[in-house]
1. Do you know which residues across the range 37-54 are under 21 Å from D3 (Cβ atoms) and part of a strand (DSSP E or B)?
2. Restricting the range 125-136 to residues that are β-branched (V, I, T) and either outside any strand (DSSP E or B) or more than 16 Å from A89 (Cβ to Cβ) (or both), which is modelled with the highest pLDDT?
3. Out of E57, E69, E16, E40, which single residue is of a type in the set (D, E, K, R) and touching a helix residue (DSSP H, G or I) at 6+ places or on another chain (Cβ under 9 Å)?
4. Working carefully through the options E57, E16, find the one that is in a loop (DSSP other than H, G, I, E, B) and either more than 18 Å from R129 (Cβ to Cβ) or not aromatic (F, W, Y) (or both).
5. Just checking, which of A59, A30, A41 is touching a Pro at 6+ places or on another chain (Cβ under 6 Å), surrounded by 13 or more Cβ atoms within 10 Å (Cβ to Cβ) and either within 25 Å of L12 (Cβ to Cβ) or not assigned by TED's automatic domain parsing to the domain that holds L19 (or both)?
6. Being of a type in the set (S, T, N, Q) and closer than 20 Å to I21 by Cα is the filter here; which residues of the range 147-164 pass it?
7. Would you please name the residue that is surrounded by the fewest Cβ atoms within 10 Å (Cβ to Cβ), looking only at residues in the range 81-124 that are hydrophobic (A, V, I, L, M, F, W, C) and part of a loop (DSSP other than H, G, I, E, B)?
8. Just wondering, is there one or more residues in the range 143-156 that are buried (at least 16 other Cβ atoms within 10 Å of the Cβ), of a type in the set (A, V, I, L, M), assigned to a loop (DSSP other than H, G, I, E, B) and in contact (Cβ under 8 Å) with a residue 12 or more places away in the chain?
Amino acid sequence: MDDLKNIIESLLFVAEAPLSIERLKQITAAETKEIREALEALSNEYDARKGGFLLREVAGGYQIRTRPEYVDWIKRLLQPNPPRFSKAAMETLAIIAYKQPIIRSEVENIRGVDCGGVLRLLLERKLIRILGRKEIPGRPLIYATTKQFLEMFDLKDLKDLPTPKEIEEFGKSSADISTEQAVSDRSDAPDGSDQPEEPGINADVGENT
């Protein structure tokens, strides 16, 4: 199929979610090798052109995505309201991502607090899903992450999650940068500016922690 590459490009362009090799085979009736070659050709073309978008393998499929360096311009056009998650939601999601499949009591044992409300929120946002019930007394629900989770965090699969060592190294790097910035800000400040702020002046008050 001479125009397979163009057909796949048009499918990727209109698709709302990443398209897997199997889905592309169903639509085009092409062989896996032909589809992979077409995808590779498209990816090479986008990389060579250095245009506004690229082809990424994400969430078990392929998707045309805008380049990260142009995100500020896209925000000006779309003015999106990005989903905001509480610290509790992010902690719970991280536990499920790394420990899945997992039941509610196991999540709560790790966090030390009730997680019922947070789990419902993550289910509503389609970031986690129910796999079934565990064959133990009470038959609790089993939770795991979804393809939408992979898509949101730009992950090809769960193997792309950072390892605990990488997270630890990132945390140390961030702490070092913050310390250097604090020292720089203090040394550049005029006399007396390093004194604590008076209560109520440019200070956040009443914030729950």
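The values are calculated or read from the model by the stated rules, or taken from the named source; none is laboratory data. Fair warning: this is a prediction, and the values are worked out from it, not measured in the lab. Backbone-built Cβ (ideal geometry, glycine too); neighbour counts: all protein chains shown.
1. F53
2. So the residue we want is I130.
3. Exactly one of E57, E69, E16, E40 is of a type in the set (D, E, K, R) and touching a helix residue (DSSP H, G or I) at 6+ places or on another chain (Cβ under 9 Å), namely E57.
4. Every option except E16 fails the conditions.
5. Going through A59, A30, A41 in turn, the sole match is A59.
6. Scanning the range 147-164 gives a single hit, Q148.
7. Looking at residues that are hydrophobic (A, V, I, L, M, F, W, C) and part of a loop (DSSP other than H, G, I, E, B), I get V113.
8. yes
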